[in-house]
Amino acid sequence: MKLISYEHYLLNILQDFTDQLQDKVNTIENYLQMMEYEEDDQLPTNPIEYFRLIRRLHLDYLNWVWYLEQQPWEGLVSNINAIAPEMPSTTDIEEATSGLKLIQRVYSLPTHEMVEGIFQGIHHNTSLNPMECYTIANDLFKEKDFVFALEWLSVGAQMYMADKDNEDLYTQLGVPLVNFIELFVQIQDALGERSLAMTELETAMETWPDQASLGRAHSRLKMSIRIGEESKISKEVPLGVYEYCCTLECRPNLRLFCQYNTTASSFLRLAPLKMELLSLDPYVVLYHDVVSEKDIASIKMLAQNNLTRAQTFNPNRTLAIDPFRTTKGRWINEMEGVMHRMSQLTEDMTNLDLNGSELFQVMNYGIGGFYGTHYDFLGTPNHSKWDFSDRMVTSMIYLSDVPLGGATIFPELELSVFPKKGSALIWYNLNHKGEGDTRTAHSACPTIVGSRWVMTKWIREHPQMFRRPCQTKRDRFE
Ligand SMILES: O=C(O)CCC(=O)C(=O)O
Ligand SMILES: [Fe+2]
């Protein structure tokens, strides 16, 4: 079931609950109304009245006990508990928050705009409420990102104050106003603004004299003031090529060109492909409009089920989940009709032999999904180069447009490519000697809006020994 269906399920339960509760209230009110007519301090004077009073107090009374004991919520609570295992985990919420933080940092988005759902000047039909701002601020605080934490908290607190009508609801949902104050004090303490923190805390203690947590915060703060700890603020990292080229398309300042490629393979003589040369050394090209809408739809259909969190090789050369690769992916068998066509296309675009290459990998990046800067080549392990075939070329097809964010970026080359559905980016990871070319370090910038789909293929080096001999004579004697 999709997350959104779980939310509908939960809302329906809450609606059932209020309906059942309302029925109960109606029944009780009816009884009270009925009793109003009978209300009289005098003892009954006639036998009918007397009988009725005795009967009510003997029977109705027991029925009301029974009625009040019947709690409409028991079944509903167990329905909610039944879906508990499917609910997002702490890791999920941490990842969703880190997605937002990453997007904010990489694209320099002002907090108040994000809260209103404005990304890069475009208003999206959404916004955040004070509780959500608090969750983000709290998370940023835990990660010692104090300046941003304070921004999120301040925006959230302003909204809270302006939305007094919902204070009970927010409190019920675990975010009373006093939480904001406590976090504010902790952040100011960490920033070294202790007298400000103390003033705020003392005012809060007057407002909520019974709040034990404020008393504890007060002792902690007094201790910090006595010790006079340094502020924990971290230095601001200046914005660099990465942030710039994730935001705006970057092209190296060379005289490169677009052309119809008719030579990469003999097939292209009949059906040339539109090719844009992006870098000569290392060689990077972008083919435009090479995959049809229909084929893309079929590929996504094949991949849609069983997408699993993508892994990377760790230093021990074992595969593991990696916080720097927040995508879901799936390897696809090449026997299917459409995949056969994709293999043929990749062969035509690269003029390389796909034997021994890895399977196609379809990947889906959700909101905030990214792939940190990395190389695709594996590097020659200790054993001889002859029995190890590295990832010489990466071919990557964009299976979706991305409304905002999601560029592929090569920071060393100051090059970025924004996804365009149906185009293919191809680059050489190895130099002419077959060594990993570190200038090919690349990354997928965080997706801000949309669902980003790509399909990659890593083409191995050995099968190319006749199509693209590895070493030139000159190299050999270097
Ligand atoms: O999604 C991208 O733009 C890059 C993907 C990538 O680098 C990879 O899968 O190795
Ligand atoms: Fe890569």
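Within the stretch 314-345, can you find the residues that are in a loop (DSSP other than H, G, I, E, B), among the charged types (D, E, K, R) and surrounded by 13 or more Cβ atoms within 10 Å (Cβ to Cβ)?
Of the stretch 314-345, the ones in a loop (DSSP other than H, G, I, E, B) are 314-318, 322-324, 326, 333-336.
From what is left, the residues that are among the charged types (D, E, K, R) are 317, 322, 334, 336.
Within the stretch 314-345, Asp322, Glu334, Glu336 meet the criteria.
Within the stretch 408-446, no residue satisfies the criterion of being on the phi < 0 side of the Ramachandran plot, away from ligand 1 (no atom under 13 Å from the Cβ), small (Gly, Ala, Ser) and within 28 Å of the chain's Cα centre (by Cα).
Being within 21 Å of Arg439 (Cα to Cα) and out of contact with any Asp or Glu (no Cβ under 7 Å at 6 or more places or on another chain), is that true of even one residue in the stretch 323-330?
Yes, that holds for at least one residue.
In the stretch 327-346, the count of residues that are modelled with pLDDT of 90 or more, within 16 Å of ligand 1 (Cβ to nearest atom), polar (S, T, N, Q) and out of contact with any helix residue (DSSP H, G or I) (no Cβ under 9 Å at 6 or more places or on another chain) is one or more.
Looking only at the stretch 38-47, decide whether some residue is hydroxyl-bearing (Ser, Thr, Tyr), exposed (fewer than 12 other Cβ atoms within 10 Å of the Cβ) and not assigned by TED's automatic domain parsing to the domain that holds Met131. Checked the stretch 38-47: at least one residue is hydroxyl-bearing (Ser, Thr, Tyr), exposed (fewer than 12 other Cβ atoms within 10 Å of the Cβ) and not assigned by TED's automatic domain parsing to the domain that holds Met131. When Gly368 is tested against (1) modelled with pLDDT under 90; (2) in contact with a helix residue (DSSP H, G or I) (Cβ under 7 Å, 6 or more places away or on another chain); (3) surrounded by fewer than 18 Cβ atoms within 10 Å (Cβ to Cβ), only condition (3) is not met.
Screening the stretch 382-464 for strands (runs of 3 or more DSSP E) wholly inside it with 1 or more residues that are within 13 Å of ligand 2 (Cβ to nearest atom), outside the structural domain of Pro252 (by TED's automatic domain parsing) and crowded, with 20+ Cβ neighbours inside 10 Å returns no ranges. Give the residue that is modelled with the lowest pLDDT, with candidates limited to residues of the stretch 281-313 that are in a helix (DSSP H, G or I) and within 16 Å of ligand 1 (Cβ to nearest atom). Per the stated criteria, the residue is Ala303. Of the helices (runs of 4 or more DSSP H) entirely within the stretch 117-209, none holds at least 3 residues that are in contact (Cβ under 8 Å) with a residue 60 or more places away in the chain.
Applying the criterion of being farther than 20 Å from Tyr375 by Cβ and out of contact with any Asp or Glu (no Cβ under 8 Å at 6 or more places or on another chain) to the residues of the stretch 447-461, the residue that is farthest from ligand 1 (Cβ to nearest atom) is Val449. With respect to the stated conditions, Asp348 fails to be of a type in the set (D, E, K, R), within 26 Å of Pro272 (Cα to Cα) and touching a Pro at 6+ places or on another chain (Cβ under 6 Å).
So in the stretch 346-381, with the set limited to residues that are of a type in the set (Val, Ile, Thr) and assigned to a strand (DSSP E or B), which one is nearest to ligand 2 (Cβ to nearest atom)? First the steps, then the outcome.
As a first pass, look at the stretch 346-381 and keep what is of a type in the set (Val, Ile, Thr): 346, 350, 362, 367, 373, 380.
With assigned to a strand (DSSP E or B) added as a condition, the list becomes 362, 373.
Working: Val362: 14, Thr373: 9 Å.
By that ranking, first place goes to Thr373.
Residues in the stretch 210-222 that are of a type in the set (S, T, N, Q), touching a residue at least 12 places away in the same chain (Cβ under 8 Å) and either assigned to a helix (DSSP H, G or I) or buried (at least 17 other Cβ atoms within 10 Å of the Cβ) (or both): Ser213 only.
The values are calculated or read from the model by the stated rules, or taken from the named source; none is laboratory data. Fair warning: this is a prediction, and the values are worked out from it, not measured in the lab. Neighbour counts are summed over all protein chains in view; Cβ atoms, including those assigned to glycine, are modelled from backbone coordinates with ideal geometry.
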